[in-house]
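Since the structure comes first, as structure tokens, the remarks are kept for the end.
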Amino acid sequence: MRKFVVCLFTALGLTSAASADTTLFFDDFESSAQGLNTTPSNWALISGTVDVLGGGVFGGFCSNGTNCVDLDGSSNAAGVINSLATFDLDAQTTYTLSFDYTNNGNGTNTLNWGLATLSETLVVTGPSNPYASASATFTGQSTLNAAIIFSHEGADNQGVIIDNVRLTASVAPVPLPAAGLLLLGGLGGLVALRRKRAAA
């Protein structure tokens, strides 16, 4: 009986535990070719231009000298990019979109970013050294397929620089059913009754 109760507690505990976060998307732009007015490999250019920085192409702007993306390219037309990957979002899941950023120059730049119902605006003045991080969490409202979007405002060839774009998902914990609680209560009563009889 004791083994059965322990096993049952364990099984019910597992069904009610929260699952770990799952990474749905990550891009540090290392697979992208460096260049001015160059679109990163995992993204689609919707309008304007962006620069893939790194190495000899203004690599000093990137963290640890690795690749990064200036969202206000070198054509006097700030860029709008979407991830090539799209994601099936559902109402039972919480999503977190995050990225690292700095600013190219000392001016003020405005970046709109988001995914599906998530829409955020980031205003950056002056460089962030080391990089700062931005993140936002939202819960899907209905089944929806969507892409990550970054939309930069302005057009002075010096924009917000991004790196390490990440999307994670966390499924909400499954509540322990009321029937399970009643069953546990009943088993507890049986154990107590058995001990009482054994003591008599």
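Leu115 - would you say it is farther than 18 Å from Phe29 by Cα, within 20 Å of the chain's Cα centre (by Cα) and open to solvent by less than 50 Å² (accessible area, probe 1.4 Å)? Considered against the rule, which asks whether it is farther than 18 Å from Phe29 by Cα, within 20 Å of the chain's Cα centre (by Cα) and open to solvent by less than 50 Å² (accessible area, probe 1.4 Å), Leu115 comes out as yes. Pairing each residue of region 97-112 that is closer than 21 Å to Ser83 by Cα and at pLDDT 95 or above with any residue that is aromatic (Phe, Trp, Tyr) and open to solvent by less than 10 Å² (accessible area, probe 1.4 Å), provided the two are 6+ apart or on different chains, yields C-beta distances under 9 Å for Phe99/Phe150; Leu111/Phe150; Asn112/Phe150.
Does region 36-46 contain any residue that is modelled with pLDDT of 95 or more, open to solvent by less than 70 Å² (accessible area, probe 1.4 Å), under 30 Å from Gly140 (Cα atoms) and out of contact with any strand residue (DSSP E or B) (no Cβ under 8 Å at 6 or more places or on another chain)? Within region 36-46 (the criterion being modelled with pLDDT of 95 or more, open to solvent by less than 70 Å² (accessible area, probe 1.4 Å), under 30 Å from Gly140 (Cα atoms) and out of contact with any strand residue (DSSP E or B) (no Cβ under 8 Å at 6 or more places or on another chain)), the answer is yes, since at least one residue qualifies.
One residue alone among Asp163, Asp156 is exposed (fewer than 14 other Cβ atoms within 10 Å of the Cβ), farther than 27 Å from Gln92 by Cβ and touching an Asp or Glu at 6+ places or on another chain (Cβ under 7 Å), and that residue is Asp156.
The values are calculated or read from the model by the stated rules, or taken from the named source; none is laboratory data. Small disclaimer: the values here were computed from a predicted structure and weren't measured. Here Cβ is always computed from backbone atoms with ideal geometry, including for glycine, and neighbour counts include all displayed protein chains. For accessibility, only protein heavy atoms count, side chains too; no ligands or nucleic acids. Shrake-Rupley method; radii C 1.70, N 1.55, O 1.52, S 1.80 Å.
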